[in-house]
Amino acid sequence: MSDDTSKRLAILETINRLNAKLRDIKTDQEAFTIIASELKNVTGADYAGIALVEKDDTRLRFVGSVGVPAGNTSIATIEMDASFRKRISEAKHSIAIRFNSQAELPGTVQAIAKVLETDHAILSSILLRGEFLGYLVIGKKEGSGSFGNESEDFLVAIAEDISMVVENVRSSLEVRTAKEETERILALAPVGIFTCDSKGIFTSVNRQMMNIFDLTSEADLIGTSVFELSVISKSGLDALIMSGMEGHEGEKADVHMVPRSDKAFYLHAKVTPIESASGDTQGVLFVAMDITSKVRLQNQLERSYEKLTQTYEELERVTRMKTQFIDVVSHELRTPLTVMRGYIDLVESEYSPKLESKFSSRLKIIKANTDKLYALVESMLDVSRLEKGALQIHLEPVRIDAILSEIVEGRMHDAEIKKQTLQLDIDGRLPLIMADRRRMKDVFSNLVDNALKYTQEGGRIQVSARDEGRMVHVWVKDNGVGIPLEALGKIFDRFHIVTSNDLSHQVDRLGLGLPIAKGIVEAHQGRIWVESQVGKGSVFHVDLPKEPSK
Ligand code: ADP
């Protein structure tokens, strides 16, 4: 074997040893210390170290060393002077610099000598595909002799190969850091994740997934079969995973998983096949999102909705019963009331002249009260007809101005008693409209009666009407007590009366007039609304189409 061959073999052995030793290292510092100590052993040096260029390319840092005076290397970053950097960057191969063979050392090398505290040292540059990575350094203590030429040759030769080792250390550390980072993220991810291989054997599982499985030791799970885990098969996820293993991507929402009797989850599960570079499915990535609180909320919402529907149906039933009750009572009352009115009329016409005046005035009171009762029964019947949609409307050509003037005239006496001004104000002649005459009288009588009722003595009531093209607009304005804002939307509901106004105790109130008026107006495809201010008065508006379509 030639000298060269045996040198080469020695170097290869060193490199092999290094590679083997570096396989399981955790940090780069550990790796570079191993390289330095191997270097020290094979060269018989007292010191050995490895200094690499920093990222910015202007400084060197000792990344690993052995035998170097304590504390010197940890602080050792060495500025590289420009001429030195130029020389290095132009070098095609590793070159050695022997300290004690040169009188004038470059500044950078002097600085390295200072770190080692010796002049008996050799540096060899480490180049990787022409790029300068740093230096290998070996040194001897003062007085323990100097290196021979063969040491310099060895250092240069090993520097050429060690660049690969440095590169390997760096990239394997980068990969490891990336892997650790990924594992850290997966562990913290707010979703459950596991992977299994092509046979369904767990290969990794994160903390959230362990929590969902209700298991504590990952080690117990890794290496076992996904299909042996009962929570997986019970929740029906085995089929999804199986199809993932056959290469199909799949999703399943609202999976119910019960790892323990007192612990249950709803999951949204997703399976993605993991493919090898050749396209074969080599495993499955399983991701599960915990949607328990969402599903619970949804269930709660559904229950509330059901309850609400029940309550609504109950309310409708009660309303129906109420309408039926009104209907029955009104019908039952109407017949005897009609009979009573007939008898009263008879008594009045037949016997009145012969009756003592005190009896005849009592008869008048009876008649007035019976009429009132009859009107009330009629109103109640109208309300129930409206609710059943059974209000009959007989359309005929009607002069609204004539109806309004008849009503105003008829109420003039009542207004005078209360010293109120009641005025009809119609601009020009109104056209004929198609409407139910009797019902129109009901609507406007009610509005005018209300205006008189809810206006103090001396107040002012004005009834106006105007032709507005397709519609006739009628409005009844008073300067009475007004209606509070919160009641404005309710006064058209049946039996709603406003109790807060000043006159509430003085008038008969039922809360039926406005709902009936609204029902009649709407049956004519018209519109009724109110504007009012407490203490200032109210304006009730009615829009009626001239020709309502039937
Ligand atoms: P009623 O007058 O028999 O109570 P309505 O249905 O005609 O029934 O009216 C409902 C309620 O609306 C009345 O009780 C009253 O509080 C209020 N209201 C109606 N018209 C007026 C008005 N012109 N001014 C003030 N309040 C009114």
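Please treat every number below as a calculation from the coordinates, not as lab data. Remember, it's a predicted structure, so these values are computed and weren't measured experimentally. FYI the Cβ positions are ideal-geometry reconstructions off the backbone, even for glycines, and counts take in every protein chain you see.
Could you tell me how many degrees, from 0 to 90 and to the nearest 10, lie between the Cα long axis of helix 400-417 and the main elongation axis, the longest principal axis, of the Cα atoms of the chain?
That helix lies at roughly 70 degrees to the long axis.
Considering Cα pairs under 8 angstrom that are at least six residues apart, work out the relative contact order of the chain and quote it in whole percent. Could the numbers behind the result be given before it?
Values: 854 pairs, mean separation 37.5, N = 550.
Normalised by residue count, the contact order of the chain is 7 percent.
Assuming a viscosity of 0.692 mPa s and a temperature of 37 °C, what translational diffusion coefficient in µm² per second does Stokes-Einstein assign to the range 217-338, Rh being the Kirkwood radius over Cα pairs?
Values: Rh = 19.4 Å.
The diffusion coefficient I find is 169 µm²/s.
Highest mean first, how do 387-397, 195-205 rank when packing is the count of other Cβ atoms within 10 Å averaged over residues?
Numbers: 387-397: 11.9, 195-205: 17.5.
Per-residue Cβ counts within 10 Å, averaged per peptide and sorted highest first, yield 195-205, 387-397.
Over the chain, what is the percentage of antiparallel beta bridges among all DSSP beta bridges, to the nearest 5?
Numbers: 79 of 85 bridges.
Antiparallel bridges: around 95 percent, rounded to the nearest 5.
Among His541, His524, which comes first, second and so on when ranked by fewest other beta-carbon atoms within 10 Å?
Values: His541 16, His524 21.
Exposure proxy ranking, most exposed first: His541, His524.
Taking 7 Å along the Cα-to-C-beta vector as the label spot, tell me the Lys419-Asp214 distance in nanometres, rounded to one decimal.
8.7 nm
Hey, can you rank 179-187, 306-314 by average C-beta count inside 10 Å, highest first?
Numbers: 179-187: 11.6, 306-314: 10.0.
Ranking, from highest mean packing down: 179-187, 306-314.
Find how much the distance from Arg303 to Val339 grows on full extension, using 0.36 nm per residue of separation minus their present alpha carbon separation; answer in nm with one decimal. Mind showing how you got there, number by number?
Values: separation 36, 0.36 × 36 = 12.96 nm, distance 5.47 nm.
Roughly 7.5 nm would be gained on extension.
What's the angle, to the nearest 10 degrees (0 to 90), between helix 357-388's Cα axis and the longest principal axis of the chain?
Relative to the chain, helix 357-388 is tipped by roughly 30 degrees.
When ranked by the protection proxy of mean other Cβ atoms within 10 Å per residue, highest first, what sequence do the peptides 342-349, 287-294 form? Kindly include the intermediate steps, with their values, before the conclusion.
Numbers: 342-349: 12.4, 287-294: 16.5.
Put in order of decreasing packing, that is 287-294, 342-349.
Is there a pair in Lys358/Lys453; Lys388/Lys453; Lys263/Lys294 whose C-alpha atoms are over 23 Å apart, and which pairs would that be?
From the list (Lys358/Lys453; Lys388/Lys453; Lys263/Lys294), the Cα-Cα distance tops 23 Å for Lys358/Lys453; Lys388/Lys453.
Over all alpha-carbon pairs in the chain, figure out the percentage whose distance exceeds 42 Å. List each step's numbers first, then the result.
On the way: 94125 of 150975 pairs.
Of all Cα-Cα pairs in the chain, 62 percent lie more than 42 Å apart.
Using DSSP, restrict attention to beta bridges with both residues in the range 312-467 and report what percent are antiparallel, rounded to the nearest 5.
Working: 3 of 9 bridges.
Antiparallel bridges: around 35 percent, rounded to the nearest 5.
Taking the 0 to 90 degree range and rounding to the nearest ten, how far is the long axis of helix 3-22 tilted relative to the main principal axis of the chain, both from C-alpha atoms?
30 degrees
Exceeding 31 Å between C-alpha atoms, which entries from my cross-link table qualify? They are Lys364/Lys546; Lys114/Lys179; Lys21/Lys55; Lys367/Lys418; Lys7/Lys141; Lys322/Lys419. Walk me through the intermediate numbers first.
Numbers: Lys364/Lys546 42 Å; Lys114/Lys179 39 Å; Lys21/Lys55 26 Å; Lys367/Lys418 24 Å; Lys7/Lys141 25 Å; Lys322/Lys419 41 Å.
Table pairs above 31 Å Cα-Cα are Lys364/Lys546; Lys114/Lys179; Lys322/Lys419.
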